[in-house]
1. Restrict the check to segment 17-38 and report whether at least one residue is open to solvent by 20 Å² or more (accessible area, probe 1.4 Å), of a type in the set (Val, Ile, Thr) and in contact with a Cys (Cβ under 9 Å, 6 or more places away or on another chain).
2. Taking segment 26-60 as the search range and keeping residues that are in a helix (DSSP H, G or I) and acidic (Asp, Glu), which one is farthest from Glu71 (Cα to Cα)?
3. Please pick out the residue among Gly67, Gly51 that is open to solvent by less than 90 Å² (accessible area, probe 1.4 Å) and either at pLDDT below 90 or touching a helix residue (DSSP H, G or I) at 6+ places or on another chain (Cβ under 8 Å) (or both).
4. Could you grab the pairs with beta carbons closer than 7 Å, sequence gap of 6+ or different chains, first residue in segment 1-25 and in a helix (DSSP H, G or I), second one modelled with pLDDT under 90 and surrounded by 10 or more Cβ atoms within 10 Å (Cβ to Cβ)?
5. Of everything in segment 5-16, what is within 14 Å of Phe65 (Cα to Cα) and either surrounded by 13 or more Cβ atoms within 10 Å (Cβ to Cβ) or at pLDDT below 90 (or both)? Give them in sequence order.
Amino acid sequence: MFQRIRRAIKTGLTNLATLCMDDMGDEIVVEYANTLYDYKNVRDEMLYLEGKRSTGGKTSLKHFFDGLVQER
């Protein structure tokens, strides 16, 4: 079950990194990047998608769920 959640969160990280690459000035995207994934991980994922890095950003279940609770 945790592996499925982790994969879904990783997919969300990839999607958010793609959105950041398209529109870096969008405040909502940057807010979610900071709250749910920690911006450093989103930036690492962006560099990975651009081919400038060999590994992508890391996901943390605890940080993600803490961010979700904080958004309520």
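The values are calculated or read from the model by the stated rules, or taken from the named source; none is laboratory data. As the structure is a computational prediction, the values presented were derived from the model and not from experiment. Cβ placement follows ideal geometry from the backbone for every residue including glycine, while neighbour counts extend to all protein chains displayed. Areas reflect the complete protein model, heavy atoms only, side chains present, ligands, DNA and RNA absent. Shrake-Rupley method; radii C 1.70, N 1.55, O 1.52, S 1.80 Å.
1. yes
2. Only one residue tops the list, namely Glu50.
3. Step by step, each of Gly67, Gly51 is checked, and only Gly67 is open to solvent by less than 90 Å² (accessible area, probe 1.4 Å) and either at pLDDT below 90 or touching a helix residue (DSSP H, G or I) at 6+ places or on another chain (Cβ under 8 Å) (or both).
4. Once the first residue is in a helix (DSSP H, G or I) and sits in segment 1-25, its partners that are modelled with pLDDT under 90 and surrounded by 10 or more Cβ atoms within 10 Å (Cβ to Cβ) give Leu16/Val29; Leu16/Tyr32; Leu16/Ala33; Leu19/Val29; Cys20/Val29; Cys20/Ala33.
5. Ile5, Arg6, Ile9, Lys10, Gly12, Leu13
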